[in-house]
Amino acid sequence: MCLGVTAAPASGEPPSGPGARAVEAAAAPPPVRTIDPARLRRGPDATFAHLQDGWIHAGGRRIRVKVRADKGRQVLLGRSDGAWIVASWTKKRRGGATVRVHRIRAGRAPVPMPWAGLRGSGVGIRLSRDGQQVLLTVGSRGGLDLWVLRTRDGAEIATDTTGPSLCTQPYDAAGGRVLLHRQPAGEPDVTYAADWAPATGTDRRLGPGLNAGFLRQDVVFVGPAPGTPGPYAYGPTSISAPGTPAWSARFTALAVSPDKKLVIGTGPRRVKRRAVLQVRRMSDGKILQQLAYGAPGQVADQTARFETSSRFVFELTTRGRSRLVRCTTAGKCARASDAGGPLSASHELVQW
């Protein structure tokens, strides 16, 4: 299962020239903190909706999903037309695996979505942030086949084939637009970050590549031109008026603070097989905090969100049990959920 975004591949080089300096060689960053959530005080529940062990936690309420899933493979996709949308993975003895998607409302039986019942492996699902479109992806020899459907009835809006089959595709969807990474057919040396409008088929080029983007906050992290040697680095620019980033780093953004002054994400380093969550300043990329997070050996990044401009929440798994941990930008932390199975939050990309 692939959730969130993965680290950038270890090839390529940060962009050079004015306004695109790499920040790794700057002043030494703070040490990586390793937190034992069992020793933290229990604070209020996380304010954003999340799913754990078959229950949706939202607005102080718990809603039972009542749909079977194997090995904890059940995730919250988001909300659409007053219902929660949940994907569940099951493997049968014969016939392989099936991904089912349901509308969930409190006190009602789950309702299968019209585009549910997806079979096979490498199926990806993302719900747009307004809940009106669902994006389905399947890896193919030529890249990644993408279907954009209307959530309520499964009507096809558009189909497309993007670049290499990465579990990070597509990066965001909202307001009838999609952020993705293009590699045109027959042009292996050409890649670019695209702001795509499926309904009209229009494409805006944002840069030579990307590894994260946030449509509602008008931020995209673009990377270097193809063919440049060295480790890849990415930096922020605006989607509406893209330009050369003020800084770049080996960094994969996961969330931007509401005031757009901070970003949280992961770098290339691991500590005791865990990813390292970094809090960076958006203006210059300076690392303000580093915390070990997720589960040991986890390939894809797990849940990490800002609740406010001075408070963020991330998933931490210890001794096989997952919890949400809330930290302030000043460094104080508390538990924000009970211990249980894997967690998921709305609008993360899921791929099974």
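Please give the solvent-accessible surface of residue 306 in Å², to the nearest 10, using a probe radius of 1.4 Å with every protein chain present.
Surface accessible to solvent at residue 306 totals approximately 30 Å².
Could you work out the relative contact order of the range 214-285, using alpha carbon pairs under 8 angstrom and six or more residues apart, expressed as a whole percent?
On the way: 125 pairs, mean separation 16.4, N = 72.
For the range 214-285, the relative contact order is 23 percent.
What pairs from 261/286; 261/332; 71/332 go past 22 Å between their alpha carbons?
On the way: 261/286 11 Å; 261/332 19 Å; 71/332 33 Å.
Exceeds cut-off: 71/332.
Straight-line reach from residue 92: which aspartates and glutamates fall under 18 Å, measuring Cα to Cα and dropping same-chain residues less than 8 apart?
Here the aspartates and glutamates satisfying the reach criterion relative to residue 92 are 70.
Can you give the extra length, in nm with one decimal, that the chain gains between residue 338 and residue 269 once fully stretched, where that is 0.36 nm per residue apart less the Cα-Cα distance? Mind showing how you got there, number by number?
Details: separation 69, 0.36 × 69 = 24.84 nm, distance 2.80 nm.
Length gained, residue 338 through residue 269: 22.0 nm.
I want to check the label-to-label distance for residue 33 and residue 108. Put each point 7 Å from Cα in the C-beta direction and report it in nm to one decimal.
Taking the two extended label points, one gets 4.3 nm.
How far, in nm, would the chain grow between residue 261 and residue 90 when pulled straight, counting 0.36 nm per residue and subtracting the alpha carbon separation? Can you show the working numbers first?
Numbers: separation 171, 0.36 × 171 = 61.56 nm, distance 4.11 nm.
Going from the current span to full extension adds 57.4 nm.
Just to be sure I understand the model, the point goes 7 Å from the Cα along the line to the Cβ. What's the resulting residue 155 to residue 200 distance in nm?
1.9
With 19 Å as the cut-off, how large is the P(r) tail for the range 229-346, expressed as percent of Cα-Cα pairs? Don't skip to the answer; put the middle values down first.
Numbers: 3250 of 6903 pairs.
In whole percent, the share of Cα-Cα pairs in the range 229-346 beyond 19 Å is 47.
If Lys and Arg each add +1 and Asp and Glu each add -1, what is the summed charge of the other residues whose beta carbon sits under 14 Å from the beta carbon of residue 206?
Numbers: positive: 177, 182, 204, 205; negative: 172, 195, 203, 218.
Value of the local net charge: 0.
Need the full-extension length gain, residue 81 to residue 47, defined as separation in residues times 0.36 nm minus the C-alpha distance. One decimal, nm.
On the way: separation 34, 0.36 × 34 = 12.24 nm, distance 2.04 nm.
The span from residue 81 to residue 47 would gain 10.2 nm if fully extended.
If you count only protein heavy atoms and use a 1.4 Å probe, how large is the accessible surface of residue 234, to the nearest 10 Å²?
Accessible area of residue 234: about 20 Å².
Amide H to amide H under 5 Å from residue 206: which residues, 5+ apart in sequence or cross-chain, H placed 1.01 Å off N in plane?
HN-HN under 5 Å from residue 206: 193, 194, 195.
The values are calculated or read from the model by the stated rules, or taken from the named source; none is laboratory data. Everything numeric in this text was worked out from a predicted model, so none of it was measured. We place every Cβ from the backbone using ideal geometry, glycine too, and count neighbours over all the protein chains shown. These accessible areas exclude ligands, DNA and RNA; they are computed on the full protein's heavy atoms, side chains included. Shrake-Rupley method; radii C 1.70, N 1.55, O 1.52, S 1.80 Å.
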